Amino acid sequence: MSNTDYDNWIEKRIDELIHKNVQIEGLYDEEIIRDYLIFSQYGKSGEKLIKFFTDNRNNEALLKVLFQILLDESEDYSNDSRYVAAKIIPLFETDILRNYKKELVYAQNYNIVNLRPFKGDYPNWLKETLPSVPPIN
């Protein structure tokens with residue numbers, strides 16, 4: 001497959017994802033959200049998927065799915081969606097994130113830095129409340 005064919009395939013896949021219903025009976029479809037995360041990393045086309053997350057940064061139900069994905073340590077999936085979930089989670093509103101301190105502390109303790117939601121310094125509200133969160137070296 002040439003680069004052009006691959007790029008066309010990516011464009012088509014992203015377009016399909018955007019037109020899929022991300023919710024089934026009011027619940028986010030974890031498989032579709034995983035695909036959103038993975039394909040959001042594909043250049044300019046992926047920005048459409050990133051916009052979905054930023055437009056929904058007040059949606060706690062979506063945040064719960066992102067934590068499910070990030071904290072899924074099974075061998076059933078590659079870590080690609082987990083890495084992107086870690087990048088997306090900090091985009092959510094602080095008021096909602098504060099409800100997930102336990103999950104954030106757990107993720108901040110991952111040995112793999114790319115699975116930690118906060119790179120560098122993490123928020124004071126997390127640092128003050130849970131000082132056991134290690135800094136990233």
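The values are calculated or read from the model by the stated rules, or taken from the named source; none is laboratory data. These numbers were taken from a predicted model, which means no experiment stands behind them. In this analysis, Cβ positions are derived from the backbone assuming ideal geometry, glycine residues included, and neighbour counts consider all displayed protein chains.
Considering only the stretch 79-93, I want to know if a residue exists there that is small (Gly, Ala, Ser), over 23 Å from Leu49 (Cβ atoms) and out of contact with any Asp or Glu (no Cβ under 7 Å at 6 or more places or on another chain). No, that holds for no residue. The requirement of being among the aliphatic types (A, V, I, L, M) and either closer than 19 Å to Lys51 by Cα or in contact with a Phe, Trp or Tyr (Cβ under 7 Å, 6 or more places away or on another chain) (or both) is not satisfied by Leu104. Within the stretch 17-29, the only residue that satisfies the criterion of being assigned to a helix (DSSP H, G or I) and crowded, with 18+ Cβ neighbours inside 10 Å is Leu17. Look at the stretch 84-110: where a residue is free of Cβ contacts under 8 Å to residues at least 60 places away in the same chain and a partner is among the charged types (D, E, K, R), sitting 6+ places away or on another chain with Cβ atoms under 7 Å, you get Ala86/Arg116; Leu91/Arg57; Phe92/Arg57; Glu93/Arg57; Ile96/Glu60; Ala107/Arg116; Gln108/Arg116; Tyr110/Arg116. So which residues in the stretch 40-99 are within 11 Å of the chain's Cα centre (by Cα), modelled with pLDDT under 95 and of a type in the set (Phe, Trp, Tyr), if there are any at all? None - no residue of the stretch 40-99 is within 11 Å of the chain's Cα centre (by Cα), modelled with pLDDT under 95 and of a type in the set (Phe, Trp, Tyr), so the list stays empty. Looking at this structure, is Ser40 without any contact (Cβ under 8 Å) to a residue 40 or more places away in the chain, among the small types (Gly, Ala, Ser) and out of contact with any Cys (no Cβ under 7 Å at 6 or more places or on another chain)? No.
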